[in-house]
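What follows is a short report on a single structure.
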């Protein structure tokens with residue numbers, strides 16, 4: 001469906017699913033193509049696949065595939081790229097709450113990830129699951145670029161700025177955030193990261209719904225992934241508090257520390273909500289009668305570009 005320039009109703013649910021499926025298909029296609037070229041040099045597909053499995057290659061694939069999907073979405077919506085990629089300002093006081101929530105959740109999700117992997121490895125026919133499938137320890141600079149720069153930028157603009165914004169224009173905030181979080185989790189195509197994606201996708205989505213800005217999500221996503229990068233690349237250091245790779249003998253995050261980090265994440269979310277509630281005035285009567293959700297009022301076609 002073609003929508004007029006400036007509208008924020010693209011994409012709907014079906015179009016959102018197609019965008020995610022398209023992104024996955026492009027990533028797989030790029031990977032197969034690159035592996036095919038590498039196999040011509042090595043003479044062995046399995047060896048070529050292992051050679052290509054590194055953060056530099058994955059970063060290129062991620063950037064290329066999601067850039068094409070975003071370009072397609074902008075082509076269909078007719079929205080100017082300058083408007084789409086601009087970052088709407090948000091209250092600076094939200095930054096500590098964003099960092100506290102993201103860093104605390106990163107520790108908690110490392111614990112949940114280790115538990116899920118442990119359960120999966122107990123299933124019949126499931127072999128050992130490596131803790132560093134992306135080879136972050138072997139390519140720390142490439143891993144940092146992939147996790148802390150590329151992934152936050154591409155994923156926040158696709159899932160929050162494009163998909164969630166479109167869903168918020170059509171559905172209640174809770175449903176829109178839930179759908180976008182589910183799509184975000186499915187995009188990662190494995191069970192541990194499905195759970196992780198659901199949790200952080202819901203948090204980042206809620207931040208976007210409250211601020212109409214990708215800024216908090218970009219910062220929070222980078223901080224969250226930074227902990228994951230540190231836990232693998234600096235495993236000996238991060239294992240002391242139990243945040244390192246789950247294969248490290250000393251990396252056993254205690255339940256008390258997990259509960260403490262979960263409480264800190266809750267405190268960060270509460271603080272974020274309190275700041276937003278204090279800053280946003282009551283909606284004018286005309287917005288209450290409008291078909292545009294109040295959370296998106298700032299992005300109406302006649303509003304300043306975000």
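The values are calculated or read from the model by the stated rules, or taken from the named source; none is laboratory data. Quick caveat: nothing in here was measured; it's all calculated off a predicted structure. Counting neighbours? That spans all protein chains shown, and the Cβs are built from the backbone with ideal geometry, glycine included.
Can you find even one residue in the stretch 166-175 that is assigned to a loop (DSSP other than H, G, I, E, B) and more than 30 Å from residue 14 (Cα to Cα)? No: zero hits. Being more than 26 Å from residue 92 (Cβ to Cβ) and buried (at least 23 other Cβ atoms within 10 Å of the Cβ) is a property that residue 138 lacks. Of all residue pairs spaced 6 or more apart or on separate chains, those with beta-carbon atoms under 6 Å, a first member in the stretch 147-161 that is touching a residue at least 60 places away in the same chain (Cβ under 8 Å) and a second member that is buried (at least 22 other Cβ atoms within 10 Å of the Cβ) and outside any helix (DSSP H, G or I) are 156/214; 161/214. Looking across the stretch 39-71, just one residue is closer than 26 Å to residue 21 by Cα, over 20 Å from the mean Cα position of the chain (by Cα) and either outside any helix (DSSP H, G or I) or at pLDDT 95 or above (or both), and that is 53. The condition (being modelled with pLDDT under 95 and part of a helix (DSSP H, G or I)) is satisfied by just one residue among 200, 195: 195. Within the stretch 86-133, being touching a helix residue (DSSP H, G or I) at 6+ places or on another chain (Cβ under 6 Å) and over 28 Å from residue 260 (Cβ atoms) holds for 87, 126.
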